[in-house]
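This report concerns only the one structure given below.
The values are calculated or read from the model by the stated rules, or taken from the named source; none is laboratory data. Nothing here was measured: the structure is a model prediction, and the numbers come from that model. FYI the Cβ positions are ideal-geometry reconstructions off the backbone, even for glycines, and counts take in every protein chain you see. Accessible surface areas use protein heavy atoms only, side chains included; no ligands, DNA or RNA. Shrake-Rupley method; radii C 1.70, N 1.55, O 1.52, S 1.80 Å.
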Amino acid sequence: MKNTINPFLKQISARYFLAKIAVFLLVISSVHSCRRENHILYKQKDHTAAIKKIIDTADFFFDTNKRDSAFYYFNKALSLSEPTKNPDEYVYSLACMSEMLQLEGDYIKSEYLLTKTMPYLNKTTRPRYKWYVYTVMAKNYHNTYDLKNALLYNKMALKHTLSILKKNQTLSNIAGVYTDQEKYDEAIKIYFPLVQKNYVDKNNLDFSKRNHAIELNNLGYCYYKTNNPKALQCFNESLKINLQINDQEGVMFNHRFISFYYLKTNPKLAQQHAKLAYEISIKDKFPTKRISFLSVLVHCSSGEDLKKYVLEYIHLTDSIREVRLKAKNQFAQIKYDSKLDKAENLQLKTLQAENELQLERQKNRNIISYIIISCILVLISFLFFHFRIKGNREKNEAIYNSEIRISEKLKKELSNTIYDTISFAKIEDLEKPKNKELLLNNLEIVYSRTRNISKENSHIVTDENYVLVLKEMIAGFKTPNVNILLNGLDTIAWNNVDKNKKIILYRVILELFTNMKMHSEATLASITFKINNKILSVNYTDNGVGLTKNAFILKNGLQNVESRIKTINGTIIFDTSSRSGFKLSFTFSI
């Protein structure tokens with residue numbers, strides 16, 4: 001292990017060595033050709049017009065719901081934009097890309113892109129971009145249940161808009177946060193004036209009516225939660241407006257809330273409205289919304305209908321997970337291709353500058369200059385194609401290994417549970433409350449494990465937000481039955497730790513807590529971080545059932561822990577002698 005050299009370091013060393021050769025040859029060529037002339041400066045072109053044209057194309061695809069193409073063109077515009085020279089285009093492109101990632105459910109990556117806009121928000125000439133950035137950031141926090149920050153950023157967005165339409169939209173977002181905080185009275189104080197004023201945009205009457213219908217529906221929900229009989233009136237008025245403007249998505253949500261209203265007092269009527277919402281979700285292709293309607297139908301159905309809705313719920317959950325995974329891979333491919341395009345553009349700019357200099361100096365150059373320039377071109381071409389081919393090969397290998405690992409994870413953690421759940425739904429009498437509750441618990445387990453697998457394969461932030469992301473991941477394993485003690489994390493200067501080591505540390509800790517949750521039956525876990533002479537040590541303990549030395553080998557998760565630590569030349573110690581709980585410690589240099 002001591003004699004093993006990281007392949008990545010080999011690659012960097014090779015590139016550094018070849019780069020030094022190229023620089024050396026360039027210096028010789030420059031000195032030889034500049035003996036009798038002055039340098040000619042190459043003026044960089046202004047790409048503003050081209051960037052705006054690309055953004056117009058991206059906006060068209062975004063407005064027509066072709067998000068993959070829109071993401072590609074926004075990324076292309078971003079590669080040509082310089083934050084100091086094109087702050088408007090830079091901020092807008094990042095904000096739109098962030099919103100698309102948010103719509104795909106990748107909230108961490110969306111938040112990461114938004115943080116890149118913050119230094120340039122004050123340089124933009126369009127105040128609405130600030131409102132846009134803060135609104136998307138607030139939605140990210142809202143979707144991840146960080147309601148405190150969601151409220152904060154919505155209030156910041158409210159300060160950066162003069163448009164009545166955007167102001168009302170932000171106020172509605174704030175009321176939505178209060179609703180999720182179960183502060184229904186606070187939400188009503190916002191929704192009620194919005195409904196009473198009923199602002200109408202003469203340039204877009206249907207849009208104004210749609211917003212009014214949404215506000216009525218949300219106000220009705222707050223009334224419903226506070227046992228106010230006005231709830232049904234609000235739902236019906238909203239439904240009437242949505243039917244007039246033929247907003248099927250709005251009609252779908254109206255039926256959903258009305259089904260909630262009748263769920264306890266009139267289950268049959270609740271089922272009728274839930275079915276109407278479910279049928280619209282099928283007809284107009286709203287698969288993610290369909291899950292919530294299926295959940296209502298499961299609660300108020302019985303017999304064969306219950307079995308049908310349960311099986312459809314399972315099938316739809318798997319389909320949505322598969323579609324999101326494919327979309328995530330597609331966005332990753334678009335980003336990778338865009339980076340290659342940017343590298344090629346930079347290469348072409350370099351070659352263009354060299355050609356212009358060659359034309360100016362052609363009369364004064366001799367045979368040696370042509371030989372040196374030819375060598376440089378050959379070397380650059382060789383480097384370009386060599387690393388491009390190597391990069392494609394490594395990318396394909398990484399994708400293949402990732403697919404194998406995800407496949408094994410799905411087979412190990414989900415296939416048996418899903419099969420057992422389907423068998424249970426087919427065999428057992430689901431009209432019994434006990435069986436019905438057990439079935440819902442099994443579905444919750446399937447959903448939780450699917451979410452964890454998705455989270456394990458998501459992008460890991462390694463910038464100044466690394467500690468926040470690490471804490472959030474660890475906090476996700478804390479339950480009413482499991483307490484987690486975290487010590488020393490904030491004492492480490494994480495900015496001085498290598499990016500690759502931070503990623504491996506995140507993965508290792510995730511493996512440990514996943515193993516704890518699945519196998520140890522622990523009620524208390526502790527993880528401690530210490531640093532001494534640039535050596536980071538991490539100690540993990542829990543009060544679970546523990547592992548024998550033989551049983552440990554069978555645990556793929558802990559085998560992954562050992563292999564990951566070894567890749568960064570770290571040392572790991574397992575305490576297999578302990579009769580109570582499990583202990584592990586590892587160290588590596590920073």
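Consider region 367-406. How many of its residues are at pLDDT 70 or above, aliphatic (A, V, I, L, M) and open to solvent by 40 Å² or more (accessible area, probe 1.4 Å)? Give the derivation first.
First, pick out the residues of region 367-406 that are at pLDDT 70 or above: 367-390, 392-393.
The next check asks that each one be aliphatic (A, V, I, L, M); those that pass are 367-368, 371-373, 376-380, 383, 389.
Filter again for open to solvent by 40 Å² or more (accessible area, probe 1.4 Å), leaving 367-368, 371, 377-378, 389.
Residues that pass the stated criteria total 6.
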Residues that are part of a helix (DSSP H, G or I), at pLDDT below 90 and open to solvent by less than 30 Å² (accessible area, probe 1.4 Å), drawn from region 452-472
I453, E456
Here are the criteria: (1) modelled with pLDDT of 75 or more; (2) out of contact with any Gly (no Cβ under 9 Å at 6 or more places or on another chain); (3) on the phi < 0 side of the Ramachandran plot; (4) of a type in the set (D, E, K, R). Tell me which single one R564 does not satisfy.
(2)
What residue, among those in region 504-533 that are open to solvent by less than 50 Å² (accessible area, probe 1.4 Å) and of a type in the set (V, I, T), is farthest from T450 (Cα to Cα)?
T528
Please determine whether any residue of region 203-216 is farther than 25 Å from L147 by Cβ and in contact with a Lys or Arg (Cβ under 8 Å, 6 or more places away or on another chain).
no
With the condition kept exactly as written, say whether any residue in region 135-153 is modelled with pLDDT of 90 or more, part of a helix (DSSP H, G or I), surrounded by 22 or more Cβ atoms within 10 Å (Cβ to Cβ) and of a type in the set (S, T, N, Q).
yes
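So that you can scan it fast, the table gives a plain yes or no per residue for (1) open to solvent by less than 30 Å² (accessible area, probe 1.4 Å); (2) part of a loop (DSSP other than H, G, I, E, B):
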position	(1), (2)
F60	no, no
N75	yes, no
S98	yes, no
K109	yes, no
P119	no, no
T125	no, yes
Looking at region 241-265 only, could you name the residues that are of a type in the set (V, I, T) and open to solvent by 40 Å² or more (accessible area, probe 1.4 Å)?
T265
